[in-house]
Amino acid sequence: MADESPAPSEPFNLDQLKELIKLMEKHGLTEVNLRHGAEQWRLRRGGHEVTSVAPVQMAAAPVAAPAYAPAPAAGLAPAAVSNLHEIKSPTVGTFYMSAAPEDPPFVSVGSTVKPDTVVCLIEAMKVFEQITADCSGTIEEILIQNGDMVDHNKPLFRVKPA
């Protein structure tokens, strides 16, 4: 990777850092190491880890919420799955079943949803996006575990239309 970073006495440019994170996501990179003078940054996707070695200090990674097991797919015939509507992730990020670790999940298997029902949160770069059902029906399957990384258009839930 070419060294296009600022002079050693200047901090890393936040816009360049954001662009690097986007490029990591776009190209499926899980780790990038940067060194500029005495400054060294290591970015790693998937483990919520962003670390730095002096002189820059970064905030600690958030504590992951407890895991909620996805519903088993047993008993659903392929024809039945094809009749289900999939709620997909609109973005890359971390999937959360609830707003906080101590809160109950937004939905579970058997929950009735409407198009404006919040079903989960996707967190990317400390920004939490509420994901709505976008359809009416009953949650039949939860395809992702709490705290898992998801890609754009990754199926999260299967809903039996009302």
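For segment 92-162, which GluC sites (Glu not before Pro) are both in a DSSP coil and crowded by at most 12 other Cβ atoms within 10 Å?
Sparse-neighbourhood loop GluC sites (Glu not before Pro): GLU102.
Please compute the modelled spin-label separation between SER136 and LYS26, points set 7 Å along Cα→Cβ, answer in nm with one decimal.
Computed distance between label sites LYS26 and SER136 equals 4.1 nm.
Taking H as built 1.01 Å from N, whose amide H comes closer than 5 Å to the amide H of VAL92, not counting residues under 5 places away?
Under 5 Å from the amide H of VAL92 lie the amide H atoms of HIS152, each far enough along the sequence or on another chain.
Excluding SER108 itself, what net charge comes from residues whose Cβ is under 15 Å from its Cβ, given Lys and Arg +1 and Asp and Glu -1?
Result for the neighbourhood of SER108: -1.
Below 15 angstrom from the Cβ of SER136, what's the summed charge of the other residues (Lys, Arg +1; Asp, Glu -1)?
-1
Residues of segment 126-149 with the amide nitrogen closer than 14 Å to a label point 7 Å from the Cα of VAL109, along Cα-to-Cβ, please.
Of the residues in segment 126-149, 139-145 have backbone N under 14 Å from the label point off VAL109.
Taking H placed 1.01 Å from N in the peptide plane, check which residues at least 5 places from ASP148 or on another chain put their amide H under 5 Å from its amide H.
Counting only residues 5 or more places away or on other chains, the set is PHE95.
All of the numbers you see were taken from the coordinates with simple rules; none came from a lab. This structure is a prediction, so every number in the text was calculated from the model and none was measured. Every residue, glycine among them, receives a Cβ derived from its backbone with ideal geometry; neighbour counts consider all protein chains shown.
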